[in-house]
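Single-structure report; data block below.
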Amino acid sequence: MAAPAPGAGAASGGAGCSGGGAGAGAGSGSGAAGAGGRLPSRVLELVFSYLELSELRSCALVCKHWYRCLHGDENSEVWRSLCARSLAEEALRTDILCNLPSYKAKIRAFQHAFSTNDCSRNVYIKKNGFTLHRNPIAQSTDGARTKIGFSEGRHAWEVWWEGPLGTVAVIGIATKRAPMQCQGYVALLGSDDQSWGWNLVDNNLLHNGEVNGSFPQCNNAPKYQIGERIRVILDMEDKTLAFERGYEFLGVAFRGLPKVCLYPAVSAVYGNTEVTLVYLGKPLDG
């Protein structure tokens, strides 16, 4: 079983492809950076609490003292203040982020959420920042990718439907080249060699326009229930994609993934349905 590591690295910023997803590294300075390096941690924390993520990332590189101040406590005032400024109130007061152990993890999840600029024109990302809403457009399949993809490391995220699935509801991964919209009601993820998906409606695994068998590989596999959180585990070292349901490891769905940047993605067909995706960080085996 995999679970998110509470301290899986600093929150990543920007969009594109992340390496290990670990964010800023240890302070590159050999010692204290002048008078600032001698400031007490509580004073630094107060100053840092007014900064934005990109500025905090730069501060972490100044010296080891600043780095420890920023990354020693993931629930410090620095990360709490940044959460309050960056995340929607709905995301913080509902259970969307209930499986994230710290304010820093919540910021990281927001950086890895659905991209408003990399989705079908028939969907939009709700104000909470984590939920996709598909408009009721006939004869269209619509998808979305996250802001950040991965070319190395191990990563886990949760996905769940908050409305009807319709005839096709696929979760998985895609390269930047995979289309996020097509005509008709089809399994968009897995329709070509640029994406890999699990159709929650019929439990088929899909890639390159073909069905790669059913999943999980057991008799009478239970059907997906609306609101049920599915955990997706991408291992770019072993080149595998696996799934969990209710903390039960369902197995590896895809092997031999290419060494390219892969993005968490979904595709949906049902009008007014909603899908939420939350990045958890690096998984732990247990």
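Taken together, the values in this text are just the output of simple stated rules run on the coordinates, not laboratory data. Here the structure is a predicted model, which is why all the values come from computation and not from measurement. In this analysis, Cβ positions are derived from the backbone assuming ideal geometry, glycine residues included, and neighbour counts consider all displayed protein chains.
Using C-alpha pairs under 8 Å with a sequence gap of at least 6, the mean separation divided by the residue count of the stretch 114-285 gives a relative contact order of 34 percent.
The residues Asp238, Asp73, when put in order of fewest to most other Cβ atoms within 10 Å, stand as Asp238, Asp73.
Going Cα to Cα from Lys106, which lysines come in below 22 Å? Please leave out same-chain ones fewer than 8 positions away. Counting by Cα, and skipping residues close in sequence, Lys106 has these lysines nearby: Lys126, Lys127, Lys147, Lys282.
Neighbour counts of C-beta atoms inside 10 Å place Ser115, Ser76 in the sequence Ser115, Ser76, starting with the fewest.
The helix-based estimate of mean residue ellipticity at 222 nm for the chain, built from -39,500 (n - 2.57) per DSSP H run of four or more residues and divided by its residue count, is -4500 deg cm²/dmol to the nearest 500.
In a Gaussian network model over the chain where Cα atoms closer than 10 Å are linked, find which of Cys261, Cys63, Cys17 has the largest mean-square fluctuation. Of Cys261, Cys63, Cys17, the most mobile in the Gaussian network model is Cys63. Lacking any other cysteine beta-carbon closer than 4.7 Å, the following Cys residues of the chain have no compatible partner: Cys59, Cys63, Cys69, Cys83, Cys98, Cys119, Cys182, Cys218. Here the translational diffusion coefficient of the chain follows from Stokes-Einstein with Rh set to the Kirkwood radius across Cα pairs; for 20 °C and 1.002 mPa s it amounts to 110 µm²/s. Which is farthest toward the positive dipole end of the chain among Val43, Val211, Leu277, measuring Cα position about the Cα centre, with Cβ charges +1 (Lys, Arg) and -1 (Asp, Glu)? Toward the positive end, the furthest listed residue is Val43.
Between Ala253 and Leu241, Ala242, Phe243, the built amide H atoms are under 5 Å apart, and every one of these is 5 or more places off in sequence or on another chain. Taking the number of Cβ atoms within 10 Å of each Cβ as an exposure proxy, the fewest-first ranking of Cys182, Cys83, Cys98 is Cys98, Cys182, Cys83.
In straight-distance terms, cross-link reach from Lys259 covers every one of the aspartates and glutamates whose alpha-carbon lies under 18 Å from its own, apart from those fewer than eight places away in the same chain; here that gives Glu152, Asp192, Asp193, Asp235, Glu237, Asp238. Do you know the relative contact order of the stretch 104-197, to the nearest whole percent, from alpha carbon pairs under 8 angstrom that are 6+ apart? Relative contact order comes out at 27 percent.
Using a simple spin-label model with pseudo-atoms 7 Å out from Cα toward Cβ, Arg68 and Asn135 lie 5.4 nm apart. Highest mean first, the peptides 159-171, 195-207, 121-133 sorted by other C-beta atoms within 10 Å per residue fall in the order 195-207, 159-171, 121-133.
Its Cα centre serving as origin, the chain has a Cβ charge dipole (Lys and Arg +1, Asp and Glu -1) of approximately 660 debye.
Taking every full run of DSSP H in the chain, none both stretches at least 30 Å from end to end by Cα along its long axis and averages 1.0 or higher on the Kyte-Doolittle scale.
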